[in-house]
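The values are calculated or read from the model by the stated rules, or taken from the named source; none is laboratory data. Fair warning: this is a prediction, and the values are worked out from it, not measured in the lab. All Cβ positions, even for glycine, are placed from backbone atoms using ideal geometry, and neighbour counts span all protein chains on display.
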Amino acid sequence: MVNLWKYFLLPVLSSFSELKLLHRKKNFTFIFVVFLSAQTLGQEVNMGADLVSRYVLRGLEVANTPSMQPTLSVALWGFETGVWGAYTLSNNTSASDEINIWLGYNITSDAGNFSFSVIDYYFPNSGKKIGNFKNDEGAHTLEGTFTYCGPISLLVACNFYNDPGNNIYFEFGYSFTADKIEFELYAGGTPGSKDNPGFYGAENFSMINIGVTASKKIKITDDYEFPIFTSFIVNPRAEVAHIVFGITF
């Protein structure tokens with residue numbers, strides 16, 4: 001108990017005191033404390049990045065320029081928290097630049113892996129301050145997600161804060177390997193929203209993300225492999241297709 005109090009509970013409680021004084025820095029202080037405490041408790045910390053030829057999410061082209069997408073996460077006792085971002089490699093400021101902070105819980109079983117999470121979507125170039133958490137006009141949109149990975153994969157995501165349409169997205173996937181290349185087939189859609197149809201571009205039930213991703217690892221040395229992937233994506237609702245190439249670091 002001494003070590004738990006000294007290295008985990010005490011830093012967390014201290015951070016809560018700082019949150020009251022430093023409202024604008026509360027997210028960053030909390031994440032810093034979680035990662036610092038994780039060093040003592042011995043869980044898994046991951047970091048990396050993807051470099052993609054363009055940013056396409058759920059069948060929607062978010063940015064038509066190359067995008068750097070770094071991530072940093074920590075997992076402890078089945079819980080996982082982290083931050084993910086997407087920044088266009090352009091000299092111009094882009095409204096599509098994005099920072100996501102998430103907190104989730106993972107369950108591993110013989111039937112497959114189940115995950116529940118909450119994601120905070122924030123766009124730093126939207127003109128809204130990071131401390132603005134007002135509903136319907138703030139800088140943050142919150143999404144709840146459920147994922148399952150087994151013989152097939154399933155994703156269900158619903159916006160529950162700062163989206164008047166409470167948009168929903170669902171996706172089914174299937175993975176297999178052929179000729180040492182990993183393939184993932186997927187089909188995603190939305191029930192649509194009349195209150196905020198612009199979010200996924202649909203008022204009614206629509207399939208918006210049908211595609212395939214092929215990935216492989218290029219061996220550089222005995223200890224390092226270089227993952228690459230290519231995705232071909234069709235959005236039937238928008239009647240448009242995209243092809244994306246990416247590298248994982």
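Residues being modelled with pLDDT under 95, more than 16 Å from residue 51 (Cα to Cα) and of a type outside the set (Lys, Arg): count how many of those fall in region 199-224.
Of the residues in region 199-224, 5 are modelled with pLDDT under 95, more than 16 Å from residue 51 (Cα to Cα) and of a type outside the set (Lys, Arg).
Pairs only if they're at least six apart or on different chains, beta carbon under 7 angstrom, first in region 124-152 and at positive phi, second buried (at least 17 other Cβ atoms within 10 Å of the Cβ); list them, first residue then second.
Filtered contacts from region 124-152: 136/162.
When only residues in region 112-166 that are under 19 Å from residue 201 (Cα atoms), more than 14 Å from the chain's Cα centre (by Cα) and of a type in the set (D, E, K, R) count, which is modelled with the lowest pLDDT?
Of everything passing the filter in region 112-166, 136 is modelled with the lowest pLDDT.
Quick one: residue 243 ticks every box in (1) loosely packed, with under 14 Cβ neighbours inside 10 Å; (2) among the β-branched types (Val, Ile, Thr); (3) closer than 30 Å to residue 195 by Cβ bar one, so which box is it?
Evaluating residue 243 over (1) loosely packed, with under 14 Cβ neighbours inside 10 Å; (2) among the β-branched types (Val, Ile, Thr); (3) closer than 30 Å to residue 195 by Cβ leaves (3) as the failure.
Hey, can you tell me all the residues within region 207-230 that are in contact with a Gly (Cβ under 6 Å, 6 or more places away or on another chain), crowded, with 18+ Cβ neighbours inside 10 Å and touching a residue at least 24 places away in the same chain (Cβ under 8 Å)?
Selection gives 208, 209.
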